1. Heavy atoms only, 1.4 Å probe, whole protein assembly: order R21, R97 by accessible area, highest first.
2. Given the peptides 54-65, 9-20, arrange them by the average over their residues of other C-beta atoms within 10 Å, most packed first.
3. Evaluate the distance, in nm, between pseudo-label points positioned 7 Å from the Cα of D63 and of E47 along their respective Cα→Cβ axes.
4. Full extension from I70 to A12: what is 0.36 nm times the residue separation minus their Cα-Cα distance, to one decimal in nm?
Amino acid sequence: MYCPQCRAEYRAGFTQCSDCRIPLVAGTPPEPAMRFDPTLDPVVVLETNDPVQSALAKGLLEDAGIPFLILGQIARLVPDIDPFLRKWVRIQVPRGREQEAKDVLESVLRPRPYLCSE
Ligand SMILES: [Zn+2]
């Protein structure tokens, strides 16, 4: 049994998805399409203004075959303090694959150790 909306798998005996409140479908979820379907109730798994981190995250999600959506947002900071535009990026995945994506992104999300060369 699985939920046709979030693709969560359920044991036999369940008839409704506890998250989406819709009837489950028999069988196993079909292979997810790489094309992102916005009806999949996306959740943000990473929010960063570090282009290296977002590029890394994109590569990891692609390797794992998890569809994702990137929302970019340019925030203009106070010009006197910081003349640069920092691009904030939000990476979203379908709710049903949130945990999978978080596992994949763990290495990116983990704070980098502070390195001191002195
Ligand atoms: Zn569901």
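1. Working: R21 160, R97 30 Å².
The ranking, largest first, comes out as R21, R97.
2. Going from most to least packed, we get 54-65, 9-20.
3. 2.6 nm
4. Here the answer is 17.4 nm.
The values are calculated or read from the model by the stated rules, or taken from the named source; none is laboratory data. Predicted model, so just to flag it, every value in this text is computed and none were measured. Note that each Cβ is placed from the backbone with ideal geometry, even for glycine, and that neighbours are counted across all protein chains shown. Surface areas here come from the heavy atoms of the whole protein model, side chains and all, with no ligands, DNA or RNA. Shrake-Rupley method; radii C 1.70, N 1.55, O 1.52, S 1.80 Å.
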